[in-house]
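Okay, so here's the structure we're looking at.
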Amino acid sequence: MKKWTGIGLVAAVIALGMGLAACGQSTSASKPQQVLRLPATAALDTIDLAKATGYGQTGNVFESFYRLGNDGKVAPGLADSAKVSKDKKTWTFHIRDNAKWSNGDKITAQDFVYSWQRTLTPATKSTYTYLFSGIKNADKIIAGKMSPDKVGIRAKNQQTVVVQLDKPMAYFKILMAYPLFAPQNKKVVDQYGKKYATKSQYMVYSGPFKITGWNGTSNTWSFVKNNQYWDKNVVKLHQIKYQVVTNPQTGLSLYQNNKLDFAQLSNEQVKNYKNNKAFKQYPYSIVIHLKYNFKDNDTQKRKILANQNIRQAISLSLNRSQLTEKVLGDGSVTPTGFVASGLAKNPKTGVDFAKEQAVKNTTTYNPTLAKKKWAAGLKQLGIKQVKLNILAGNDGTSSSTVTQYLKSTLEKNLAGFTLDIQNVPASVAQSRSQNGDFDIYLSHWGADFNDPISFMQIPVSSNSLNYGKWSNQTYDKLIDRAQNADAGNAEARWQDMVKASQLINKTQSFTPLYQADYAYLQRPGVKGIIHNTAGTQWSYKYAYIK
């Protein structure tokens, strides 16, 4: 997903990503119209598959070899069969005979080859190239040391795609359900040139729906049924109408006036509606956390943030149960570490990764130990006062609430600490964080797919999304081992990732606050929606209005 690197972006991406569902009511006694009317907290930023900054909803209009079904499991997509070699480094996909673009063009193997090469071309400026890591030559291409046409994908014939990997990838199959890896139509890209993807009509679609009414800045747009889709007979919805709704109260009013049948609730609204029969909660593999700037422009602040006792003291001062249950009250849960719970289980024992990453006295509330750590840190630094700022995007409903809580709690528990809040528009926060213009950043990450590595790639020293520039050789080696030497050994790979996540916990190089859970009012007439915590979180392929 991209993720979502600043808290202010969460609501926007979630609302867009899932496409808040609402049913179109029929005015007659006949069958209800198969129309969903959906709010989104922000406009679509792009519909160019290669340039997207999130893929929460695009699995509804673009499809790869596979798609996500229920419970994050891989379901059939544009490929009707796949074979993997004995060494697990060569995958062969056969494209369906009836796979077509929304304009009627046949979807071919070459469309996949072109798509991957286009996304990896530096001029495209894709933010998701790192997900190609492990595919043959992708790392060299990403590093600018090889041409994109050398990536390990080729068209054996019109309907056969062969993908070669540098090493076995335990999560490759589920990765191939991610819309980033869907095909792109070169003929259409060339036909529209600079106009391509600037409006919904300058695009073709491979998924169950196609986009209409989007002009690049639209506050309204629609998904309509794609009648060229290979599995069109199972698609019941005729249309999904989106409109931007930036205020939770506005969304609730539209819901109450039967203009929407799905409304995302703010923390305060949750308290009023949690006993309503239409109340629903949907979990996400998103962990909201604090990023520390290890390359802070202020030399003194850099020393403070680099001090492990200081960071541990901050984490131990936070009562996460109070934050989730009393302050937020929206169903969000307390995390055990950097990786979300419910994302992946030990391949041997079935134990949740989140349970195995836990380290005693790291994310638990222990003000006594916090004060000791704080005193030790101040002594090491030779100071008595600490003043830092916390940067947050204010577009979301929770950022102000969370930053106020952090300021109150930390200043209460840690003598001499002053925390200045800098709540700014999400786009500004994103830009500042990328440029390293912060002390502490109220950030978050959501999984692209159901594997811990989707989280664990981010803190690697070389990852451009590691905005705080934390760098740890032991961590890097563990992740490298999981991705290379142990890639073919599921149990060893798992233990590498557990050790790496425990290292983050011990050092508190990132401080997890809570795992997101979002609350909505949803009318009972909306059926068949598939919700997953990662990747394309919301699928409307089987949705219908009863």
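The values are calculated or read from the model by the stated rules, or taken from the named source; none is laboratory data. Being a predicted model, the structure only gives us computed values, none of them experimental. Here the Cβ is made from the backbone with ideal geometry for all residues, glycine too, and neighbour counts use every protein chain on show. What goes into the accessible areas is simple: the full protein's heavy atoms, side chains included, and nothing from ligands, DNA or RNA. Shrake-Rupley method; radii C 1.70, N 1.55, O 1.52, S 1.80 Å.
What is the helix-to-structure angle for 490-507, meaning the angle in degrees between its Cα long axis and the longest Cα principal axis of the chain, kept from 0 to 90 and rounded to the nearest 10?
It is inclined by approximately 40 degrees.
Short version: ³J(HN,Hα) in whole Hz for each residue of segment 285-295, in order, from phi by Karplus 6.51 cos²θ - 1.76 cosθ + 1.60 (θ = phi - 60°), x for Gly and Pro, what are they?
7, 10, 10, 7, 8, 9, 9, 9, 8, 7, 10
Output the antiparallel fraction of DSSP beta bridges having both residues in segment 285-517, as a percent to the nearest 5.
Working: 14 of 24 bridges.
Roughly 60 percent of the DSSP beta bridges within segment 285-517 come out antiparallel.
Mean residue ellipticity at 222 nm from the helices of the chain, using -39,500 (n - 2.57) per DSSP H segment of n ≥ 4 over the full residue count, to the nearest 500 deg cm²/dmol? Could you put the intermediate results ahead of the total?
Numbers: 16 runs with 145 residues, N = 546.
About -7500 deg cm²/dmol.
Convex hull over the Cα atoms of the chain, averaged projected area in nm²? Each step should come with its number before you reach the end.
Numbers: hull surface 97.7 nm².
Here the figure is 24.4 nm², rounded to one decimal.
Could you give P(r) for segment 285-517, binned at 5 Å from zero, as whole percent values over all Cα-Cα pairs?
Percent of pairs per bin, in order: 1, 7, 14, 19, 20, 17, 12, 6, 3, 0, 0.
I'd like to check one number: the per residue accessible area of the chain, probe 1.4 Å, reported in Å² as a whole number. Each step should come with its number before you reach the end.
On the way: 21640 Å² over 546 residues.
The answer is 40 Å² per residue.
Mind checking which aspartates and glutamates have their C-alpha under 18 Å from Lys145, skipping anything on the same chain fewer than 8 residues away?
Candidates past the 8-residue exclusion: Asp166.
How long, wide and thick is segment 403-469, going by the Cα atoms along their three principal axes, in whole angstroms, largest first?
Extents along the principal axes: 39, 24, 21 Å.
Enter the accessible area of Arg320 (Å², nearest 10), with the probe set to 1.4 Å and all protein chains included.
10
Take Asn233 and Lys259, extend 7 Å from each Cα along the Cα→Cβ direction, and tell me the distance between the two endpoints in nm.
With each label placed 7 Å out from Cα toward Cβ, I get 4.0 nm.
Work out the FRET efficiency for Lys186 and Lys384 from their Cβ-Cβ distance, taking R0 = 51 Å, and round it to the nearest 0.05. Write down the numbers at each step before the final one.
Details: r = 64 Å, r/R0 = 1.25.
Once the sixth-power term is evaluated, E becomes 0.20.
I'd like the antiparallel share, as a percent to the nearest 5, of DSSP beta bridges with both residues in the chain.
Working: 55 of 72 bridges.
Once the DSSP bridges in the chain are tallied, antiparallel ones form about 75 percent.
Please report Rg over Rh for segment 416-546, where both radii come from the alpha carbon positions and Rh follows the Kirkwood definition. Don't skip to the answer; put the middle values down first.
Numbers: Rg = 18.9 Å, Rh = 17.8 Å.
Checking Rg against Rh, the ratio lands at 1.06.
First compute the accessible area of the chain with a 1.4 Å probe, then give the percent of it belonging to carbon and sulfur atoms. Walk me through the numbers on the way to the answer.
Numbers: 10240 of 21640 Å².
Carbon plus sulfur share of accessible area: 47 percent.
Could you tell me what a quarter of the Cα convex hull surface of segment 254-403 works out to, in nm² with one decimal place? Please report the intermediate quantities before stating the final value.
Values: hull surface 49.9 nm².
Taking the Cα atoms of segment 254-403, their convex hull projects to 12.5 nm² on average.
Check which residues have an amide H placed less than 5 Å from Thr160's amide H, if you skip close sequence neighbours.
Under 5 Å from the amide H of Thr160: Ile95, Ala109.
Can you tell me which of 235-247, 302-314 comes out highest on packing, and rank the rest after it, using the mean Cβ neighbours within 10 Å? The partial results should precede the final answer.
Numbers: 235-247: 19.4, 302-314: 21.1.
In descending order of packing, they fall as 302-314, 235-247.
Could you give each residue of segment 367-372 its phi-based ³J(HN,Hα) in whole Hz, using Karplus coefficients 6.51, -1.76, 1.60 with θ = phi - 60°, and x for Gly or Pro?
After applying 6.51 cos²θ - 1.76 cosθ + 1.60, I find x, 5, 5, 4, 5, 5 Hz.
In degrees, nearest 10, range 0 to 90: what is the angle between the Cα axis of helix 399-413 and the longest Cα principal axis of the chain?
Once rounded, one gets 20 degrees.
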